[in-house]
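Just below is one structure, and these are the notes that go with it.
Derivation of every value follows stated rules applied to the coordinates shown; laboratory data play no part. Since the structure is predicted, the reported quantities are computational estimates derived from the model, not experimental observations. Reconstructed Cβ throughout: ideal geometry from the backbone, glycine too, with neighbour counts over all protein chains shown.
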Ligand code: NDP
């Protein structure tokens with residue numbers, strides 16, 4: 001038996017609770033991992049609260065991420081004692097995830113922990129930080145460079161936003177951080193933001209084309225805020241959309257695309273291919289300032305992570321939430 005969080009459904013009612021689980025209940029997979037750390041991502045919060053239909057099968061162990069040590073392996077790619085990280089691939093949605101002491105997963109979903117990161121730091125990065133790196137890579141694949149002008153990052157005090165701010169500033173970009181929390185100004189400047197703008201500047205529907213202000217943007221919010229971001233991008237600029245913290249819709253017009261050659265790029269971390277995944281983790285290990293990463297961390301226990309999920313959806317959690325599992 002081992003400890004974990006379990007989401008169950010009875011009729012329309014979904015509940016999450018701490019539970020004792022049995023190894024025989026784990027899904028099929030070649031590699032059994034002793035989970036060391038997991039983390040709370042926005043998607044985990046949606047899954048645990050039942051706010052969105054993230055969980056496709058019940059009962060479900062949530063947790064779209066874990067880091068840990070291989071305990072048993074039927075794959076030539078991994079052996080007992082290897083340090084590994086897993087994010088996405090439907091874990092915590094379609095098959096049991098990281099919020100339990102044991103996880104059994106397909107070998108092809110695992111990434112060897114890159115040198116330079118420990119198991120806790122890997123989860124301080126987690127899906128949110130990995131996605132932030134994918135966003136930075138997407139901007140640079142479109143030719144965005146530090147000299148081009150200011151880069152806007154929305155939801156900046158959250159997980160993706162915090163890591164994106166630190167990564168972009170570390171690469172020499174001028175980052176403008178959008179936040180709804182004025183009290184996080186010092187934190188965001190500490191991560192490298194050159195200036196802060198208020199979330200409320202983006203929350204009301206605006207003109208389809210506004211003053212050209214930013215060379216590029218990383219957006220985690222969606223909705224009206226993303227429409228306003230698109231309207232304020234300079235000619236030829238690029239916006240990477242990866243989140244929906246403010247809404248799933250996108251009430252925009254074609255004007256930024258056809259009159260200013262603005263590009264809107266999507267980033268998904270869940271099904272990201274192995275080559276890009278490995279490259280992103282290597283870059284994270286190489287360039288993310290570990291002191292800054294430390295400043296983003298909140299640590300909560302496996303038992304209290306259920307309460308943290310509701311706080312996250314209220315936008316009250318700063319940076320990254322890590323959970324020691326064993
Ligand atoms: P967090 O909760 O850590 O951060 C979200 C931030 O968005 C908040 O901290 C807040 O920042 C801001 N925010 C919250 N609510 C609103 C609102 N109603 N309107 C505007 N801003 C708001 O979540 P993550 O950083 O982990 O994830 C952010 C988004 O990215 C989520 O939608 C998540 O689903 C998505 N995501 C997508 C991935 C992908 O593969 N595409 C992977 C990872 C995340 P502040 O207080 O600074 O304004």
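Points worth noting:
- 214, 18, 96 arranged by Cβ crowding within 10 Å, fewest neighbours leading: 18, 214, 96
- Net length gained if the chain between residue 310 and residue 254 were fully extended (0.36 nm per residue, minus Cα distance): 16.6 nm
- Segment 130-184 and segment 24-72: distance between their alpha carbon centers, rounded to Å: 28 Å
- Shape call, segment 1-152: gyration tensor on alpha carbons, a/c limit 1.5: oblate
- Computing FRET efficiency as 1/(1 + (r/R0)^6) for residue 261 and residue 201, where r is the C-beta to C-beta distance and R0 is 22 Å, gives about 0.35.
- Residue order for 99, 296, fewest other beta carbons within 10 angstrom first, comes to 296, 99.
- Residue of 272, 135, 242 that the Gaussian network model of the chain assigns the largest fluctuation, springs spanning Cα pairs under 10 Å: 272
- Relative contact order, whole percent, for segment 127-266 stands at 22, derived from Cα pairs under 8 Å and 6 or more residues apart.
- Crossing angle, helix 159-170 versus the chain [Cα axis fit, 0-90 degrees, rounded to tens]: 60 degrees
- Calculated over the chain: convex hull of Cα atoms, volume per residue (Å³): 122 Å³
- Protection-proxy order for peptides 148-154, 78-84, 205-211, each taking the mean of Cβ atoms within 10 Å per residue, highest first: 148-154, 78-84, 205-211
- Exposure proxy for 202, 2: other Cβ atoms within 10 Å of each Cβ, ordered fewest to most, give 2, 202.
- Between the helical axis of 119-141 and the longest alpha-carbon principal axis of the chain there is an angle of about 40 degrees.
- Estimated from helical segments only, the mean residue ellipticity of the chain at 222 nm is -8500 deg cm²/dmol, where each DSSP H run of four or more residues counts as -39500 (n - 2.57).
- Placing dummy labels 7 Å off each Cα toward the beta-carbon, the span from residue 283 to residue 118 is 2.7 nm.
- Relative contact order of segment 94-190, taken over Cα pairs closer than 8 Å and 6 or more residues apart, is 23 percent.
- Shape of segment 127-191, Cα gyration tensor, a/c cut at 1.5: oblate
- Computed over the chain: relative contact order in percent, which uses C-alpha pairs under 8 Å that are six or more apart: 19 percent
- Ratio of Rg to Rh over segment 127-266 (Cα coordinates, Kirkwood Rh, two decimals): 0.92
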